[in-house]
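First comes the structure, then the notes that go with it.
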Amino acid sequence: MPVYLDHAATTPISAPALAALTSALGRSGNPSSLHGAGRRARATVEQSRETIARAAGAHPTEVVFTSGGTEADNLAVKGLFWARRAADPRRTRILVSTVEHAAVQDTVEWLAHHEGAEAVWLPVDETGTVSLDALSRELDDGGADSVALVTCMWANNEVGTVEPVAEVVALAAAHGIPVHSDAVQAFGSVPVNFKDSGLAAMSVSGHKIGGPVGVGALLLGRDVTLTPVQHGGGQERKVRSGTLDTAGIAAFAAAAADVTANLAAESRRIAGLRDAVIAGVGRVVPEAVLRGVDPAVNPGGRLPGNAHFTFPGCEGDSLLFLLDMAGIESSTGSACTAGVPRPSHVLLAMGLDEETARGAQRFSLGHTSSQADVDAFVAALPQAHARAKQAGMAGHVSSIQTASTR
Ligand code: PLP
């Protein structure tokens, strides 16, 4: 069995979620139908809504089911932008961190290209933490009246940095500006409470917490107005249309209940494994550089399951491929376009040069991870690293394939 170190991409479905999914898949009924089958499906959806609300510290009416994190991000950012600008046409600026996932970043860019939004990219420091000074300046000097929304992720998917969301909300709240946060990586990994956060909207996703792929939610404050992105039956508070995925929602709720019930103990266990990964990499490849927050310095500043390094002189894709051949499944952490490795926008925003950024590799742990996984990974790394370094930065798969036949 390969060692799976890519839980941040998707984590295996948990036992309670799988049981809920298979049981609900065997029943039919549209939750909007009025007959018995429909009412039973509706009861499953509403119980699941309550469970997810409890897990996220929200009121059930604040849970808007979506097809996942990407849709929740699109709905929040476009919906808030359109609604706020409709209420006051001066509100065209979107204050957004430079390290957002593509689901937020590309949505903001789309609004800038097609809808007259002005994207204001907030810088981060070398750990990937957003600058509160820059946010304050934009609010105070740049004119708060022209801001439609602020969006800042709860935790970064590449380097695992936990962002100062409470401070962001406090600064924006002083001007009555709504804040959206993409909590897809944070929810189920660190304590997340929607009500206490003061956020207007917050995105979560099923498959990052042990639920199935294709279901998620936008937590949306009861008094927050959104313009819908997709139109149809208006099933979810009239802001999200589409027949609800009863089985997916039931499984998402089972995963959320499971993960939040064990959060403190499980995040301690996973953080211990992460620290063993960091120590192991430091021992076998001393030139590797940990990126993001050092958990030894600031334990709460990094997601428990995230270890991210740059390996000087290596192409991230080469290392990924060689580790995969050795039975270790990892990630460069960022997307590539048509097989062409692109340096991560997150690492560039943190001040890395392109060549350094191209040597990135993310190892992410989750509920199935064990010390044996860490040991197997640390044992396999030196050879994979040596061969990746030999292939250098020249190109990836072709030079590796040559190297691998040596
Ligand atoms: N936001 C973040 C921070 C993510 O890590 C991801 C998934 O990688 C998403 C959004 C997208 O979520 P989904 O895969 O549910 O569309």
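The values are calculated or read from the model by the stated rules, or taken from the named source; none is laboratory data. Since we're looking at a predicted model, the values are computed, not measured. A quick note on method: Cβ atoms are made from the backbone with ideal geometry, for glycine too, and the neighbour counts reach across all protein chains shown. Just so you know, the surface numbers come from the protein's heavy atoms only, side chains and all, with ligands and any DNA or RNA stripped out. Shrake-Rupley method; radii C 1.70, N 1.55, O 1.52, S 1.80 Å.
Among what's in the stretch 313-342 and is part of a loop (DSSP other than H, G, I, E, B) and of a type in the set (A, V, I, L, M, F, W, C), pick the residue that is modelled with the highest pLDDT.
A326
Table: residues versus (1) within 11 Å of the ligand (Cβ to nearest atom); (2) surrounded by fewer than 24 Cβ atoms within 10 Å (Cβ to Cβ); (3) without any contact (Cβ under 8 Å) to a residue 12 or more places away in the chain.
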residue: G198; (1), (2), (3): no, yes, no
residue: A201; (1), (2), (3): no, no, no
residue: G211; (1), (2), (3): yes, no, no
residue: L218; (1), (2), (3): no, no, no
residue: D223; (1), (2), (3): no, yes, yes
residue: L226; (1), (2), (3): no, no, no
residue: H231; (1), (2), (3): no, yes, yes
residue: E236; (1), (2), (3): no, yes, no
residue: V239; (1), (2), (3): no, yes, no
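Provide a single number: the residues in the stretch 10-29 that are open to solvent by 40 Å² or more (accessible area, probe 1.4 Å) and either within 16 Å of the ligand (Cβ to nearest atom) or under 30 Å from the mean Cα position of the chain (by Cα) (or both).
Of the residues in the stretch 10-29, 10 are open to solvent by 40 Å² or more (accessible area, probe 1.4 Å) and either within 16 Å of the ligand (Cβ to nearest atom) or under 30 Å from the mean Cα position of the chain (by Cα) (or both).
Are any of the residues in the stretch 47-61 assigned by TED's automatic domain parsing to the domain that holds R222, in a helix (DSSP H, G or I), charged (D, E, K, R) and open to solvent by 40 Å² or more (accessible area, probe 1.4 Å)?
yes
Suppose we filter the stretch 180-193 for residues that are more than 12 Å from the chain's Cα centre (by Cα) and either part of a loop (DSSP other than H, G, I, E, B) or surrounded by fewer than 24 Cβ atoms within 10 Å (Cβ to Cβ) (or both); how many remain?
Residues in the stretch 180-193 being more than 12 Å from the chain's Cα centre (by Cα) and either part of a loop (DSSP other than H, G, I, E, B) or surrounded by fewer than 24 Cβ atoms within 10 Å (Cβ to Cβ) (or both): 4 in total.
Scan E109, E100 and give me the residue that is within 23 Å of S136 (Cβ to Cβ) and either in contact with a helix residue (DSSP H, G or I) (Cβ under 8 Å, 6 or more places away or on another chain) or not in a loop (DSSP other than H, G, I, E, B) (or both).
Matching residue, one of E109, E100: E100.
Can you pull out every residue in the stretch 241-290 that is of a type in the set (V, I, T), within 26 Å of D373 (Cα to Cα) and open to solvent by 30 Å² or more (accessible area, probe 1.4 Å)?
Result: V259, T260, I278, V284, V289.
Could you list, in sequence order, the residues of the stretch 129-156 that are over 20 Å from L111 (Cβ atoms) and crowded, with 23+ Cβ neighbours inside 10 Å?
Of everything in the stretch 129-156, those that are over 20 Å from L111 (Cβ atoms) and crowded, with 23+ Cβ neighbours inside 10 Å turn out to be W154, A155, N156.
Just one of V104, V159, V99 is open to solvent by less than 10 Å² (accessible area, probe 1.4 Å), touching a His at 6+ places or on another chain (Cβ under 6 Å), closer than 27 Å to R358 by Cα and within 16 Å of the ligand (Cβ to nearest atom); which is it?
So the residue among V104, V159, V99 that is open to solvent by less than 10 Å² (accessible area, probe 1.4 Å), touching a His at 6+ places or on another chain (Cβ under 6 Å), closer than 27 Å to R358 by Cα and within 16 Å of the ligand (Cβ to nearest atom) is V159.
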